[in-house]
Amino acid sequence: MNTIGIVDIETTGFLNQSGKIVEVGIVELDITNGNKKVLFDSVVKENGFNEMHSRYPMGWIFQNSDLTFDQVLEAPDFDDMKAEIQNIFDSFFTGITAFNKAFDFGFLKSRGLRIAELPCIMETATPVLNLPPKGNRKGPKYPNVEEAYHFLTGNTAFIESHRAADDAMHEAEIAFELYKKGVFQF
């Protein structure tokens, strides 16, 4: 199989803060030629999503993207979308990855989704970019999506939108560039 899945989610906060998933994007990447296709792109609303999720510390996504609280309120229930998402995940025999896999997969697995995991794009990119350590980290700093995309594609005009499908498309390009360098292996 020459295709892999790239998933990106947007949330109202961290998993340990009771953050809610508000958007899911899944992109198919043909690893042989770099062709990408959006397979899933939807704003979603989880049970318990409420006004609290629009304020600090939960409302970061609404201040840093064009996603609005009202769009989430009007979105389909995440639970109603899980079967479709799982079917897409199950279609990737090669596997699925994400830029910060621990974050995205932590949420998705906690909601009962099963994922055939490939290596994390961010962790694979870290030694390639070799950014100076940050904080108490001894090794290179984990790159953000923009840093990895700029370095690997040469396109320094890219600004991350913090919208799931668009981010997954750019993360797929990062994965493809890492694959071409021989460092993203599966």
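Within the stretch 95-143, the set of residues being polar (S, T, N, Q) and farther than 26 Å from E23 by Cβ comprises N130, N136. Please indicate, with yes or no, whether at least one residue in the stretch 112-128 is touching a residue at least 60 places away in the same chain (Cβ under 8 Å) and in a helix (DSSP H, G or I). Checking the stretch 112-128: at least one residue is touching a residue at least 60 places away in the same chain (Cβ under 8 Å) and in a helix (DSSP H, G or I). Just so you know, in the stretch 1-31 the residues that are under 25 Å from F49 (Cα atoms) and at pLDDT below 95 include one that is surrounded by the most Cβ atoms within 10 Å (Cβ to Cβ), and it is G19.
Among the residues of the stretch 36-79, the ones that are within 21 Å of V7 (Cβ to Cβ) and free of Cβ contacts under 8 Å to residues at least 12 places away in the same chain come to 1 in all. Take the conditions (1) more than 21 Å from I9 (Cα to Cα); (2) modelled with pLDDT of 95 or more; R137 misses just one of them, which is (2).
Restricting attention to the stretch 147-169, does a residue exist that is without any contact (Cβ under 8 Å) to a residue 40 or more places away in the chain and in contact with a Ser or Thr (Cβ under 8 Å, 6 or more places away or on another chain)? Checked the stretch 147-169: at least one residue is without any contact (Cβ under 8 Å) to a residue 40 or more places away in the chain and in contact with a Ser or Thr (Cβ under 8 Å, 6 or more places away or on another chain). If you take the residues in the stretch 151-173 that are outside any helix (DSSP H, G or I) and of a type in the set (S, T, N, Q), which one is surrounded by the most Cβ atoms within 10 Å (Cβ to Cβ)? Among residues in the stretch 151-173 that are outside any helix (DSSP H, G or I) and of a type in the set (S, T, N, Q), the one surrounded by the most Cβ atoms within 10 Å (Cβ to Cβ) is S161. So, P132, is that one more than 23 Å from E177 (Cβ to Cβ), modelled with pLDDT under 95 and surrounded by fewer than 16 Cβ atoms within 10 Å (Cβ to Cβ) or not? So P132 does not fit the description; no. Of all residues in the stretch 32-53, one or more are at pLDDT below 95, of a type in the set (S, T, Y), surrounded by fewer than 13 Cβ atoms within 10 Å (Cβ to Cβ) and closer than 22 Å to E171 by Cβ.
The values are calculated or read from the model by the stated rules, or taken from the named source; none is laboratory data. These numbers were taken from a predicted model, which means no experiment stands behind them. FYI the Cβ positions are ideal-geometry reconstructions off the backbone, even for glycines, and counts take in every protein chain you see.
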